[in-house]
Amino acid sequence: MADTATTSGKTEVWRTRAVVRRSTRAWRVRGSAAVVLVLVLAVLLVPPFAQLDQQAVDLTAKLRPPSWAHPFGTDDVGRDLLLRCVYGLRVSLLVGVVAAVVATVVGTAVGALAGALGGWPDRLLMRLVDVFASVPHLLLGIFIVAMFRPGVWPVVVSVALTHWLSTARIVRAEVLSLRSRPYVDAAISGGASRHRVAVRHLLPGVLPQAGLAAVLMVPHAVWHESALSFLGLGLPTHQASLGTLVQSARGSLLAGDWWPTLFPGLCAVVATLAIAGLAGAWRERLNPRRRSELML
Amino acid sequence: MLELRDVTAGYDRRAPVVRGVSLTVRVGEAVGLLGPSGCGKSTLARVAALLHRPDAGQVVLDGEPAAGWRHRAPRAQRTSFGVVFQQPRLSADPRLPLARLIAEPLRANGRPVDAVPELAETVGLTADLLGRRPHEVSDGQLQRACLARALALRPRWLVCDEMTAMLDASTTAALVGVVEAYRRESGAGLLAVGHDRVLLERWCDRTVGWAELTSA
């Protein structure tokens, strides 16, 4: 047995670390929340209220480095990059959120059906998931976008159809684990129908996990939109999105003009990190073991 | 009368946990089933309550063979069993307050839920506990609620699978008292599974050891 002095010393070290960890966690959450709030307000309020034309071309002011008049600089036809970034983020976030929600709904439906039905429907659905998962998802995404005219909706469909797989797996595993709990047995013994067990006992158990998966997917979907647009397959080049901005700035980067590439890229990084930070906090709340640690 | 005839059951057809077991619970009889941990007695209890499909054998309720298992069992057959499990934490949906927990079988069958206060009183739960969720009450209080839920539909048989294994002596005595009071009033049969010989021999009319069941 350790003597009292070392034991108390260890306790103190542990406490200090816990306090530090908790406060950095709190600041990370607050910082992420503030950034997300600012970005959401910007993309919601600037386009309708600011009397500015993001497409306004000013060839006399092309490729100006960042200044007070143009904080993010201007692009190769003299459009203000700060305004373009706000509009780009608006499109990227819209694509990200819609694609993540669609992917989560599809994934939850497939996973819940597979888990709740079991037997051959389960095997069939999971093999379907395996088939989708066996193709690199960016390749599959490119294939889907290539079938349509460039625009927002093909990108949403492409990202959603390639990203429901992990949600389906998570939800199925969760349903399987819930289904074998004695409280489901008790409900069956109490005369509950399949529908009642699914709606009252299984679905409420998986929804928090599915919601978390949706939020975690938003940044990923934003990146996918950017990747597709960067490859010239996503949105048409005149429509500002973070991907198209970086793509159209490629030429000027080689000429030494760094700002048209840096700022849209930075926007994507900041937005995704902030959303991921919030999702991480949510995950910590959901995980009961972590939560009990926090309470102690 | 509840009869289990030549029941073989398990989770893998090649290695059944229960092999060719027959057991009868006569009308109003209390049968204790004694056995070491992991021998398969809980599986047998789940088969008896129509919650687990056996690989072979039959369960006969008052001369009528069980028509299916789990959801495939007709509602009238399923609900003629009140089941209480060993771990109240796992047998209670964590989202439901105790009043909802007790009312769940009534709601599932479209019956009025005004019997809940009376059920709660029977098992000794005070009104202030009924609004709490499972994580806000003790194991004993939660197990009382689970017993009330099992009694809600006035079952003809009670299946208590290690009902008191997690509880202290006074709660054990109280719960056994509730079960016995219900049986006196309704004439229900009881299958009590456990490994506490002293308790089962005091509680039940007849105690069967796992060894005699499987060798016979």
When every residue in the range B:125-169 that is within 29 Å of B:Val27 (Cα to Cα) and more than 14 Å from chain A (Cβ to nearest Cβ) is compared, the one surrounded by the fewest Cβ atoms within 10 Å (Cβ to Cβ) is B:Ala169
All conditions in (1) under 13 Å from the mean Cα position of the chain (by Cα); (2) farther than 21 Å from B:Leu129 by Cα; (3) assigned to a loop (DSSP other than H, G, I, E, B) are true of B:Val159 except (3)
Here the residues within the range B:125-154 that are part of a loop (DSSP other than H, G, I, E, B) and of a type in the set (Gly, Ala, Ser) are B:Gly131, B:Ser138, B:Ala152
> Quick one: is A:Leu233 closer than 29 Å to A:Val77 by Cβ and either more than 25 Å from the chain's Cα centre (by Cα) or more than 14 Å from every other protein chain (Cβ to nearest Cβ) (or both)?
Replying inline: yes
The helices (runs of 4 or more DSSP H) lying wholly within the range B:20-124 that contain at least 2 residues that are under 14 Å from A:Ala186 (Cβ atoms), among the charged types (D, E, K, R) and within 11 Å of chain A (Cβ to nearest Cβ) are B:98-108
Practice prompt. State yes or no: is A:Leu216 of a type in the set (A, V, I, L, M, F, W, C), within 14 Å of chain B (Cβ to nearest Cβ), within 30 Å of A:Leu113 (Cα to Cα) and under 27 Å from the mean Cα position of the chain (by Cα)?
Written response: no
For the range A:186-201, pairs from a residue that is more than 7 Å from every other protein chain (Cβ to nearest Cβ) to a residue that is crowded, with 16+ Cβ neighbours inside 10 Å and in a helix (DSSP H, G or I), with Cβ under 7 Å and 6 or more apart or across chains, are A:Val197/A:Val184; A:Val197/A:Ala187; A:Val197/A:Ile188; A:Ala198/A:Ala116
Only one of (1) under 20 Å from A:Ala114 (Cβ atoms); (2) surrounded by 21 or more Cβ atoms within 10 Å (Cβ to Cβ) does not apply to A:Arg194, and that is (2)
Scanning the range B:194-216 for residues that are small (Gly, Ala, Ser) and either assigned to a loop (DSSP other than H, G, I, E, B) or exposed (fewer than 12 other Cβ atoms within 10 Å of the Cβ) (or both) gives B:Ser215, B:Ala216
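Can we say B:Arg100 is among the basic types (Lys, Arg) and without any contact (Cβ under 8 Å) to a residue 24 or more places away in the chain?
The answer is yes for B:Arg100.
Given the criterion charged (D, E, K, R), in contact with a Ser or Thr (Cβ under 9 Å, 6 or more places away or on another chain) and either at pLDDT below 90 or surrounded by fewer than 15 Cβ atoms within 10 Å (Cβ to Cβ) (or both), identify the matching residue among B:Arg95, B:Arg53, B:Arg72, B:Arg19. Walk me through it before giving the result.
On the way: B:Arg95 fails: in contact with a Ser or Thr (Cβ under 9 Å, 6 or more places away or on another chain); B:Arg53 fails: in contact with a Ser or Thr (Cβ under 9 Å, 6 or more places away or on another chain); B:Arg72 fails: in contact with a Ser or Thr (Cβ under 9 Å, 6 or more places away or on another chain).
Matching residue, one of B:Arg95, B:Arg53, B:Arg72, B:Arg19: B:Arg19.
The values are calculated or read from the model by the stated rules, or taken from the named source; none is laboratory data. From a predicted model like this one, the values you see are computed outputs, not experimental measurements. Reconstructed Cβ throughout: ideal geometry from the backbone, glycine too, with neighbour counts over all protein chains shown.
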